[in-house]
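Student: If you scroll down you'll find the structure; I have some questions about it.
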Amino acid sequence: MTKKKATTWLTGAVLSMAMLTVTACGGSASDGAQKLGDKSSDASKPGEKQKLVIYTARDKNVVEEIIPKFKEQNPGMDVEVLTMGAQQVLERVRGEKANPQADFWWGGTQSALMTAANEGLLESVKPSFADKIPAMYKDSQDRWYGEMLLPEVIMYNSKALKKEDAPKDWDDLLDAKYKGKIIIRGVLASGTMRTIYSSLIYRQDANDPKKGYDWLKKLDANTKEYAQDPTNLYLKLAREEGTLSLWNLQDIMIQKELQKQPFDFIYPASGAPILVDGVGVVKGAKNMEAAKKFYEFLFDSKLRVELAEKLYQIPTRTDINKDTLPAWLKGLELKPLNIDWAVMAQKEKEWMQHWDENIKGKGSK
């Protein structure tokens, strides 16, 4: 691969045509945006131990890699992390709007974050690295910023299924030979799965979702079961209770390389939905200064390179020296599905409710 292709992801050009509508955003912050380190924000009293409450959809491996480093830099801070699905984070933050219990939302799809921003659930906070994140990867009013890019791909058990026998594209999943071999992580509780399924509806025809519903009904007919969480999904695939799934590239790589699971992926030939997975400060956070510290820490360029190497994350920052990036990332060429993410954010709830009530478990009937 040429040097030019190897760094395409960094410039954002490879995604620009597909994701210019991630947000109706520009590069400037709103007038009311708080800058990180703004002294007008609440701060702990002298001698008082700072606290930080984080709601996260991040994998356990990611949390265990990052939180100890942050606590090492902030030894006097009490950090509480609650892990749940991205959709569950949205629902919890929404339910706690009148009395916020979390300070920082770490890990959410752009659809979920756009919804939260529109509902007034996220604070307008402009970080120091704001101009290093392309406009397509952040909110125009600084209510959320994309931390990394997540291609959604086809996952398979490489021990039970040869790569040449695995599906090459989305439509291949409907082939009768894969019936009973597909295990899907429970859709409604997962931001990842909601986005994948919504993308597959959009891919058929966003103006006529019935076409997408019919497609998902065929996929449901080939699906053996819906796993309750990622851990359960990995266990079932490792045991060969099923051999195929749909999941994000980063978590597949973590399971393959770090957990030594027999997993691999196929990048769909027609393209993949590429999520901008982001973060935000909860509106009315009780520990604003602590939240801002974590915000800055999380986007530190050295940490981003380390996470690309260790945890297979694709950073959104455009100012990272390409020579410091790991080989796997330099060699990855992304091909996105052409998706209007604003439409996705608007329609996701309606589409997923229809899937849950009318399609799930009924595909073979």
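Readers should treat all values here as calculations from the given coordinates under stated rules, not as data from a laboratory. Worth saying up front: this structure is predicted, and the values here are computed from it rather than measured. Cβ coordinates were reconstructed from backbone atoms using ideal geometry, including for glycine residues, and neighbour counts include every protein chain displayed.
Student: Given only helices, namely DSSP H runs of n ≥ 4 each adding -39500 (n - 2.57), what is the per-residue ellipticity at 222 nm of the chain, to the nearest 500 deg cm²/dmol?
Tutor: Calculated from helices alone, the mean residue ellipticity at 222 nm is -10500 deg cm²/dmol.
Student: When the Kirkwood radius is taken over all Cα pairs of the stretch 214-365, what Stokes-Einstein diffusion coefficient follows at 4 °C and 1.567 mPa s, in µm²/s?
Tutor: 69 µm²/s
Student: Where in the stretch 264-280 is the amide nitrogen less than 20 Å from a point lying 7 Å along the Cα-to-Cβ axis of residue 163?
Tutor: Under 20 Å, as judged by backbone N against the label point of residue 163, lie 264-272 of the stretch 264-280.
Student: Oh, and also: Over all distinct alpha-carbon pairs, what is the Kirkwood Rh of the chain in angstrom?
Tutor: Kirkwood radius, the chain: 21.0 Å.
Student: Provide the net charge surrounding residue 259, with neighbours chosen by a C-beta distance below 15 Å and charges set as Lys +1, Arg +1, Asp -1, Glu -1.
Tutor: Spelling it out: positives minus negatives among the neighbours equals +1.
Student: Lys and Arg at +1, Asp and Glu at -1: add these up for the other residues within a Cβ distance under 10 Å of residue 300 and post the number.
Tutor: Counting the neighbours of residue 300, the net charge comes to +2.
Student: Considering only Cα-Cα distances, which of the following residue pairs are longer than 20 Å: 218/360; 217/349; 168/360; 256/302; 69/286; 260/330?
Tutor: Checking Cα-Cα distances, 168/360; 256/302; 69/286; 260/330 exceed 20 Å.
Student: What's the magnitude of the charge dipole for the chain around its Cα centre, counting Lys and Arg as +1 and Asp and Glu as -1 at the beta-carbon? Answer in Debye, nearest 20.
Tutor: Here the size comes out at about 480 debye.
Student: Also, quick follow-up: Quick one: if the Förster radius is 25 Å, what FRET efficiency do residue 172 and residue 204 give, using the C-beta to C-beta distance and rounding to 0.05?
Tutor: E between residue 172 and residue 204, to the nearest 0.05, is 0.95.
Student: Within 10 Å of each candidate Cβ there may be at most 10 other Cβ atoms; applying that plus a DSSP loop requirement, which GluC sites (Glu not before Pro) in the stretch 294-365 survive?
Tutor: Answer by residue number: there is no such site.
Student: Next question. Straight-line reach from residue 283: which lysines have Cα under 20 Å away, leaving out those fewer than 8 places along the same chain?
Tutor: In chain and number order, the partners are 35, 39, 51, 97, 126, 138, 292, 293.
Student: When only DSSP loop residues count, what GluC sites (Glu not before Pro) in the stretch 58-145 have their Cβ near at most 14 other Cβ atoms within 10 Å?
Tutor: Loop-located and lightly packed - 119.
Student: For the stretch 326-365, what is one quarter of the convex hull surface built on the Cα atoms, given in nm²?
Tutor: Averaging across all directions leaves 5.4 nm² for the Cα convex hull.
Student: Which value in Å does the Kirkwood hydrodynamic radius of the stretch 156-282 take, with 1/r averaged over all unlike C-alpha pairs and then inverted?
Tutor: 15.2 Å
Student: Give me the Å³ per residue figure for the convex hull around the C-alpha atoms of the stretch 179-235.
Tutor: Cα convex hull per residue, to the nearest whole number: 72 Å³.
Student: As I understand it, the value is the acute angle between the Cα axis of helix 301-311 and the longest principal axis of the Cα atoms of the chain; what does it come to in degrees, rounded to 10?
Tutor: 30 degrees
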